[in-house]
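One structure is given here, and the rest of the page talks about it.
Values in this text are rule-based calculations from the coordinates and carry no lab data. Given the structure is predicted, the values throughout are model-derived calculations rather than measurements.
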Amino acid sequence: MPNLSIRRLALLVFCIGCMVMSGCTGSAPAGTQAPQDTAATAPAPPTLTPTPAPTQTAIFTHTPTPFRTANGYIPGKYNTSDCVNYSPYLTANYSAEVKFCVWFIEIFRDGTMCVTVSWNVEYNAEAIGKSVKKSGDVNNPNMFMMDNLGNRYDLIGGGGDSNATTFWGNTLLTGWFLFPEPKPGITSLTFWDWDNIAKIENLVLTNPMPLTEESVSLKWHPYAIVYKSDIWKMEPGESGEFILTNLKNEKCQISERAPDQPDGKLKSELEIGQTTFDIYGWLESEQGMGYRDYQAISGLDGLDPQQLVIFRAAIPLADQDMCLDEISGILFTLSEPEEE
């Protein structure tokens, strides 16, 4: 059966207050009293000096300025979750419904925007079980963004399922696109998939979550990953390996595995960041869980094919979109650790 082609399943306040107050002063009676037999005259009443009202200096407030990009944006993750549905043309007998979502936009310190997306694909009965190929979108000029001032932003990179991928049956695909820094003064963006005349509007760039990144070295390999401590909790495993538990759903986890053969059935090959992974997986439907082993096969300097780099992911099926997205964010950072 020939493959079916889907064109585009695409931030101390120091307050210094000084109170300056003059004191109250009184003058002693003037002159001396001569000795005499008569009673002493009453002393003259003291001369009173009015007390000035307290004065107060200006209060100086200093608010530290957060780091901003060249065009004035605060690096961080902007929650922009929204979706659009469309039906790409396959053939006369095969059809599909696609739910395309933009989960969030992350602005890095260099100003570039990383847009995390997903495609939830559902087919009609005739197409189930057929091999389907999604063509790559990383270099697609018809995937772009427009801002509220009319500026266009074309792709400068991407990864995950934004690349070409082959799959079978109803599938959730996740990926990311990289765009240039937004122009100064914009407030919102619209993501366009022009091939499918699909757009997601009002992606607002306000109130980002600050980046809270921590690095952890792998137990069995000379590499490291970076995670955000406001999203993940890191704990050591029995052998000293890292285990990351997602704070949104504690059933969503990723951990390093000792070098061994991956478990499950080989599902697909996926590029995440600079690393290409073979993905193995299996379901435990009664527990509502899915599991994946991510085996790094290329893209890392010094990768030893005899010492496989493997990560185990636990994915709650009821929250798989969020979990897979966050796990991809971890694997995207896999690299040699930075020198101290």
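Under 20 Å between C-alpha atoms is the cut-off here; go through the stretch 213-331 and count lysine pairs that meet it, provided they're at least eight residues apart or on different chains. Before the final figure, lay out each step's value.
Working: Lys219/Lys228; Lys219/Lys233; Lys228/Lys248; Lys228/Lys251; Lys233/Lys248; Lys233/Lys251.
Close lysine pairs under the 20 Å cut-off: 6.
What are the extents of the Cα atoms of the stretch 213-331 along their three principal axes, listed from largest to smallest and rounded to whole Å?
38, 32, 28
Which whole-Hz couplings ³J(HN,Hα) result when phi for each residue of the stretch 198-206 is put into the Karplus expression 6.51 cos²θ - 1.76 cosθ + 1.60, θ = phi - 60°, listed in order with x for Gly and Pro?
After applying 6.51 cos²θ - 1.76 cosθ + 1.60, I find 10, 9, 10, 9, 6, 7, 8, 9, 9 Hz.
Please state the shape class of the stretch 146-240: rounded when a/c is under 1.5, otherwise prolate if a/b exceeds b/c and oblate if not, all from the C-alpha gyration tensor.
Numbers: a/c = 2.63, a/b = 1.52, b/c = 1.73.
Judged from the Cα gyration tensor, the stretch 146-240 comes out oblate (a/c at least 1.5, b/c at or above a/b).
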